[in-house]
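Notes follow the structure.
Computed from the coordinates by the stated procedures, all read-outs in this text should not be read as laboratory data. These numbers come from a predicted model, not from an experiment. Here the Cβ is made from the backbone with ideal geometry for all residues, glycine too, and neighbour counts use every protein chain on show.
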Amino acid sequence: MSSAGIGAPTPFDTLGATLSCQCGYGDLCVCPLKEAAMRAYASGSRTPLPAMNSEQRDWCLEEIGSVEGHDRKDHDYSTDQHLARAVLNAWTDYARDKGLY
Ligand SMILES: [Zn+2]
C-alpha cells in the first residue's frame, strides 16, 4: 500500500461512492471506495466511466510501484482498464505477501 496508508482519501473516492461494487458480495460488500472504482475500471464496466485524470493515474502508478515485484514504469502507457487491473494485481500480491489471505 502507499505510504498514505489504508483508509486515506484517494482520488477515486468520489467516483467509487457512485458505483455499485462488482466484487460479487452485493449488499455484504465491504470494499473501500477505491477498490470499487478499481474493479469497475478493471472490468470494463457496462456503465461508461470517465477517463482517469492525471492525478488518478498517478495514484494508480504509486499503488503499483509501492508493491514489491511491481514496476510502475511498466504501466506508464497502459489503458485505464489495464492500469486498474495492475493495481488490483498489486494489492492481491501485497495481501498474499503479508499473509492476509
Ligand atoms: Zn465490493
16 Å tail of the calculated P(r), the chain, as % of Cα pairs:
55
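Only four residue types carry charge here, +1 at the Cβ of Lys and Arg and -1 at the Cβ of Asp and Glu. Report the dipole size of the chain about the Cα centre in Debye, rounded to the nearest 20.
Magnitude of the dipole: close to 260 debye.
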From the phi of every residue in segment 22-38, what ³J(HN,Hα) in whole Hz does the Karplus formula 6.51 cos²θ - 1.76 cosθ + 1.60 yield, where θ is phi - 60° and glycine or proline is x?
10, 6, x, 8, x, 5, 8, 4, 10, 5, x, 4, 4, 6, 4, 5, 4
Could you give the length gained on full extension between D74 and N53, defined as 0.36 nm per residue of separation minus the Cα-Cα distance, in nm?
5.7 nm
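By count of other Cβ within 10 Å, fewest leading, how are T79, T10 ordered?
Going from sparsest to densest Cβ surroundings: T79, T10.
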Just grab the label-to-label distance for C23 and H82, each label 7 Å out from Cα along the Cβ direction, in nm (one decimal).
2.7
